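The structure under discussion appears below in the form of structure tokens.
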Amino acid sequence: MTRVYNFSAGPAILPEEVMEQARDEMLDWQGTGMSVMEMSHRGKQFMSIAKQAEADFRELLAIPDNYQVLFLQGGATSQFAMVPINLLQGNQKADYVCTGHWSKKAIAEGRRFCEINLAASSEENGFQHIPPHQEWHLDPGAAYVHYTPNETIAGVEFHWIPDTGEVPLVADMSSTLLSRPVDVSRFGVIYAGAQKNIGCAGLTVVIVRDDLIGQPLKSAPTMFDYQIHRDHNSMYNTPPTYAWYIAGLVFGWLKRKGGLTAIAEVNRAKADTLYRFIDNSDFYYNPVERASRSRMNIPFILSEQGLDGVFLQQAEKAGLTNLKGHRSVGGMRASIYNAMPQEGVEALVEFMKEFERTRT
Ligand code: PMP
């Protein structure tokens, strides 16, 4: 068996230990004679898996008691609608900050429900920096402020939490949640699709403050009401049981690694390794302003664009896969989530060095 270093933006690399455990438990979970895939979500075995996963997730993020954790489906994309549906609560306006492709998607969906105030945007500069807080025009009457702490495509990340006073702060943390500690008490809602740092696709995790639950739009579909999911412990209908189980294994792995403070250090070191190499090279280049650079998704452009195809081909041969950048940015992108080891980043840097040296 040959495993590659997979730099995909998501679904993405997962810890080998987690997949080995899933493999070992595949046909017979803990002496039950059943796979987790075959279990009733209401049976005591799956209930214990679900409960443990939530407890570990709460512990990792030190989630305060006045927050609910929901294990849903529909991806982060469904949250683009679920947030206004639940948080408008009679208000007609919401603030959004636009820092890339995913912010734009959230804004477009938000417009279906309310008036959007674009509090700040970096679109004019090609999403290469995070607009500083002094430049934001927040509306104190807004129902909430939505932003995207890490833009998976542009590779820009907030390294600070915006202060929105009494107005609830909502964050699409799809590509940064669990990569570092975060003060949950600063947020009204945090949501993320699982397929990056949480586990496999099919699960969406939502952390929501109690007071934001219970007043959805009257026309809200049942499945888009946070209260329904809270009242049924995320089991109003059949939840994505296997993805929930895998997430639980990932949480256990993270705890064994020393939790989020420890993984944040590893992530910082990995990102530093790659950025330092890119910055010292005349051949590769990262377009993002230094203070706004992502530790999870690192785009880089080759100074000779015609070489993109050869680069990707040779990288693939060297066991370094999924490095093609998003078409809106061009070039390459290395996504280096929690499960990517430092050795994977070093292998990439070695390959890039060699490619630059022998390119002619
Ligand atoms: N937001 C961000 C920041 C993302 O990276 C993605 C997926 N790459 C999405 C939203 C959409 O997530 P999903 O596919 O789970 O709906």
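The values are calculated or read from the model by the stated rules, or taken from the named source; none is laboratory data. Since we're looking at a predicted model, the values are computed, not measured. Cβ coordinates were reconstructed from backbone atoms using ideal geometry, including for glycine residues, and neighbour counts include every protein chain displayed.
Some points to look at:
- Unique residue being farther than 21 Å from Tyr236 by Cα, over 20 Å from the mean Cα position of the chain (by Cα) and either acidic (Asp, Glu) or at pLDDT 95 or above (or both) when the list is Asp95, Asp56: Asp95
- Residue match in the stretch 283-290 (condition: farther than 22 Å from Thr152 by Cβ and not polar (S, T, N, Q)): yes
- When the residues of the stretch 49-79 are filtered to those that are within 16 Å of the ligand (Cβ to nearest atom) and assigned to a helix (DSSP H, G or I), the one that is nearest to Ser179 (Cα to Cα) is Ala76.
- Criterion (touching a Phe, Trp or Tyr at 6+ places or on another chain (Cβ under 6 Å) and not hydroxyl-bearing (Ser, Thr, Tyr)) met by exactly one of Pro140, Pro149: Pro149
- In the stretch 75-93, the residues that are over 10 Å from Phe113 (Cβ atoms) and surrounded by fewer than 18 Cβ atoms within 10 Å (Cβ to Cβ): Thr77, Gln89, Gly90, Asn91, Lys93
- Residues in the stretch 30-48 that are under 26 Å from the mean Cα position of the chain (by Cα) and not in a helix (DSSP H, G or I): His41 only.
- Evaluating Ala171 against the criteria (1) within 11 Å of the ligand (Cβ to nearest atom); (2) assigned to a loop (DSSP other than H, G, I, E, B) leaves one unmet condition, (2).
- All positions within the stretch 328-360 that are within 24 Å of Ile198 (Cβ to Cβ) and surrounded by fewer than 18 Cβ atoms within 10 Å (Cβ to Cβ): Pro341, Gln342, Glu343
- The number of residues in the stretch 242-265 that are of a type in the set (Val, Ile, Thr) and farther than 16 Å from Val18 by Cβ comes to 1.
- Residue check, Ala339 of a type in the set (Gly, Ala, Ser), in contact (Cβ under 8 Å) with a residue 40 or more places away in the chain and either assigned to a strand (DSSP E or B) or farther than 30 Å from Ala262 by Cα (or both): no
- In the stretch 23-48, of all residues being surrounded by 19 or more Cβ atoms within 10 Å (Cβ to Cβ) and not aromatic (Phe, Trp, Tyr), the one that is nearest to the ligand (Cβ to nearest atom) corresponds to Val36.
- Looking across Asn117, Asn91, Asn86, one residue alone is closer than 19 Å to Pro221 by Cβ and more than 16 Å from the ligand (Cβ to nearest atom). It is Asn86.
- Here Thr164 meets the list (1) more than 16 Å from the ligand (Cβ to nearest atom); (2) assigned to a helix (DSSP H, G or I); (3) polar (S, T, N, Q); (4) buried (at least 19 other Cβ atoms within 10 Å of the Cβ) almost entirely, failing just condition (2).
- Test: residue in the stretch 271-288 that is assigned to a strand (DSSP E or B), away from the ligand (no atom under 15 Å from the Cβ) and surrounded by fewer than 15 Cβ atoms within 10 Å (Cβ to Cβ): yes
- His146 falls short on exactly one of the conditions (1) under 21 Å from Pro11 (Cβ atoms); (2) within 12 Å of the ligand (Cβ to nearest atom); (3) buried (at least 18 other Cβ atoms within 10 Å of the Cβ), and that condition is (1).
- Residue within the stretch 238-250 that is without any contact (Cβ under 8 Å) to a residue 24 or more places away in the chain, assigned to a loop (DSSP other than H, G, I, E, B) and more than 17 Å from Gln52 (Cβ to Cβ) present: no
- Applying the condition of being surrounded by 19 or more Cβ atoms within 10 Å (Cβ to Cβ), among the small types (Gly, Ala, Ser) and within 13 Å of the ligand (Cβ to nearest atom) to the stretch 94-111 and asking which residue is farthest from Gly325 (Cα to Cα) yields Ala106.
- Residues of the stretch 174-196 satisfying the condition of being of a type outside the set (Phe, Trp, Tyr) and either outside any loop (DSSP other than H, G, I, E, B) or out of contact with any strand residue (DSSP E or B) (no Cβ under 9 Å at 6 or more places or on another chain) (or both): Arg180, Pro181, Asp183, Val184, Ser185, Arg186, Val189, Ile190, Ala192, Gly193, Gln195
- Hits in the stretch 112-143 - residues which are among the polar types (S, T, N, Q) and surrounded by 13 or more Cβ atoms within 10 Å (Cβ to Cβ): Asn117, Ser121, Ser122, Gln128
- Among the residues of the stretch 215-227, not a single one is within 12 Å of the ligand (Cβ to nearest atom) and either in a loop (DSSP other than H, G, I, E, B) or without any contact (Cβ under 8 Å) to a residue 12 or more places away in the chain (or both).
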